[in-house]
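Asks: This is the structure, below, for whatever I ask next.
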Amino acid sequence: MRAMLLVNPKATTTNPRTRDVLIRALGAAIELTVEETGYRGHAAALAAKASAGGFDAVAVLGGDGTVNEAVNGLLSTDAATSEERPALIVIPGGSANVFARALGLPNDPIEATGAVLEALREDRRRTVGLGQALWEDESRYFTFTSGMGYDAEVIRAVEGMRGTGRKATPARYVNTALRHYIATDKRTPAITLSGPGLPTIEGIFLAIITNTSPWTYMGARPIIPTPWASFETGLDMLGLQRLGLPTLLPVIRQILTERDTLPTGRHLVQLHDEAEFTLTAERPVAFQLDGDYLGERESITFRATPNALQVLV
């Protein structure tokens, strides 16, 4: 097997020594070409190059952002099916590693490499579906989540802190979320949901769209707003039409403590296994995809892309 390994040298939870150990271990098992990412979008370009160059697999040592770029690079080529694309190998190196953990991989990069080597020996593959967000003349695939509104605003703020050298720790996300909650306008929701076969629902403050569960992690604790979401079904969504504490606190408790039960409440908007829907905002609202802030948007269509990618896991 020929594989290209994309290494993010700025990955949060690895260092040069660990990366060298992992590269040697993978190189002993497969024919490996190593490329370091150097700028935003570089992983996508390298993954597309690997696909065009006939590589059998693209491995990623990095966080969810690097994985997302690689996935979009793989799906940007002319390959029509998951069998025609290079398989994906994921070795977690970021702060959350949601996609890797949703696949059942250990969060430790060395332990995850051991699991990947076992999958390589047994040629053990899993075919997964993806989500796709489309807006204006752009589109992008996501592996586990997208969102509009409050959660994207929190991600925007944390990304700003990371730009100044601070790490994206669970505590930083919680503190940022609390500060933004205090400052958020809780009276004028902007988002409307519509879609084929769906009733139009107005007055949504925030929407969390998921392609799998959990949505994210707070350290070791999974956060599960859409417990029925999976890589084998369409897209799920949880929306909130109220941001007051009587609505928000019960939902937070449920998504932190209940793993198999849908959150309940009077002001929730929930979707499960949907092929397509659109969120339209009265004013530009924050938008994130796989934890990457992508600016403010007024209308985004979300589509499920079944059987999009093979993952060695």
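Readers should treat all values here as calculations from the given coordinates under stated rules, not as data from a laboratory. Please read all numbers here as calculations on a predicted model, not as lab measurements. Using ideal geometry, Cβ is built from the backbone for each residue, glycine included, and neighbour counts are taken over all protein chains shown.
Asks: Cross-link partners among lysines for K10, C-alpha distance below 26 Å, same-chain residues fewer than 8 apart left out?
Replies: Leaving aside lysines fewer than 8 places away in the same chain, those within reach of K10 are K49, K167.
Asks: Can you run phi through the Karplus equation (6.51, -1.76, 1.60; θ = phi - 60°) for the stretch 5-13 and list ³J(HN,Hα) in whole Hz, with x for Gly and Pro?
Replies: Result, ordered by residue: 9, 9, 10, 8, x, 9, 4, 5, 10 Hz.
Asks: Filter the GluC sites (Glu not before Pro) in the stretch 242-279 to those in DSSP coil with at most 16 other Cβ atoms within 10 Å of their Cβ, and list the result.
Replies: The qualifying sites are E258.
Asks: Can you give me the pair-distance distribution of the stretch 126-227, C-alpha pairs, 5 Å bins, whole percents?
Replies: 2, 10, 15, 21, 22, 16, 9, 3, 1, 0
Asks: Now for a different question. Check each of the chymotrypsin sites (Phe, Trp or Tyr not before Pro) in the stretch 154-234 and keep only those in coil by DSSP with at most 16 other C-beta atoms within 10 angstrom; list them in order.
Replies: Counting only loop positions with at most 16 other Cβ atoms within 10 Å, the chymotrypsin sites (Phe, Trp or Tyr not before Pro) in the stretch 154-234 are W228.
Asks: Quick check: pseudo-label points 7 Å beyond the Cα along Cα→Cβ at I30 and L256, how many nm apart are they?
Replies: That separation, rounded to one decimal, is 3.9 nm.
Asks: If you don't mind, another one. Give me the distance in nm between label points sitting 7 Å out from Cα along the Cα-to-Cβ direction at T188 and A171, one decimal.
Replies: A separation of 3.7 nm, rounded to one decimal place.
Asks: What are the ³J(HN,Hα) couplings of the stretch 110-122, residue after residue, when phi is run through the Karplus curve with 6.51, -1.76, 1.60 and θ = phi - 60°? Round to Hz, x for glycine and proline.
Replies: Ordered by residue, 3J(HN,Hα) equals 5, 5, 5, 4, x, 5, 5, 4, 5, 5, 5, 4, 9 Hz.
Asks: In whole angstrom, note down how far apart the Cα centers of the stretch 90-140 and the stretch 32-78 are.
Replies: The stretch 90-140 and the stretch 32-78 have Cα centres separated by 13 Å.
Asks: Output ³J(HN,Hα) for the stretch 56-69: one whole-Hz value per residue in order, computed from phi by the Karplus curve 6.51 cos²θ - 1.76 cosθ + 1.60 with θ = phi - 60°, and x for Gly and Pro.
Replies: So the Karplus estimates, Gly and Pro as x, are 7, 8, 10, 9, 10, 10, x, x, 4, x, 5, 4, 4, 4 Hz.
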